[in-house]
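Quick note: the coordinates plus some simple rules give every number you see, no bench work behind them. All values derive from a computational prediction rather than experimental measurement. Please note: Cβ atoms are built from the backbone with ideal geometry, for glycine as well, and neighbour counts cover all protein chains shown.
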Amino acid sequence: FVPTDTVITDNHMSSISLYTYAAFGQLNYTTGKFNLTLGSRFTHNKLFKNNLASRITLVYKLTDRSSLKALYGESFRAPSLFEQNFTTTTYTVVGNSDLVPEKNRSIELLYIHSFNKIFLVFFIFLPNYTNLVKNSFAQIL
């Protein structure tokens, strides 16, 4: 049995802390066969400061059972403390303190049709990522 506050090995993270605050707002407007939704999320991260990510969605109701949907969205993901700092004593896992937040701007186009409890969806998703956080493997000598 190991108590939950016990550090089994030095992983270079015991003295690191981080805080993130966020606020979200959304507006919705419907007229006739159109529905427009606008939303934004403001995030403040101790390490990466301020970010505003927004999304806009337009839905056109073709019939009672089918619709077309167009979306534009922006996203932000700060690297986790693990991705930045965690290092095993054998250096088989090493964090990267140079990581920066990944961001994405995407466009989505959808056709949706309902068959009572079954939905048929055709969609196109076009993402554009920058600073994508990904794993890499180094050769151990």
### Query
Near Tyr129, within a Cβ-to-Cβ distance under 12 Å, what is the net charge of the other residues, with Lys and Arg +1 and Asp and Glu -1?
+2
### Query
What FRET efficiency would be calculated for the residue pair Leu18, Leu109, taking the C-beta separation as r and a Förster radius of 25 Å, to the nearest 0.05?
0.10
### Message
Multiplying the sequence separation of Ser97 and Ser40 by 0.36 nm and subtracting their Cα-Cα distance, what value in nm do you get?
### Response
17.7 nm
### Residue pairs, from the table Lys46/Lys69; Lys46/Lys103; Lys49/Lys69; Lys69/Lys134; Lys61/Lys103; Lys33/Lys103, whose Cα atoms sit over 28 Å apart
Lys46/Lys69; Lys49/Lys69; Lys69/Lys134; Lys61/Lys103; Lys33/Lys103
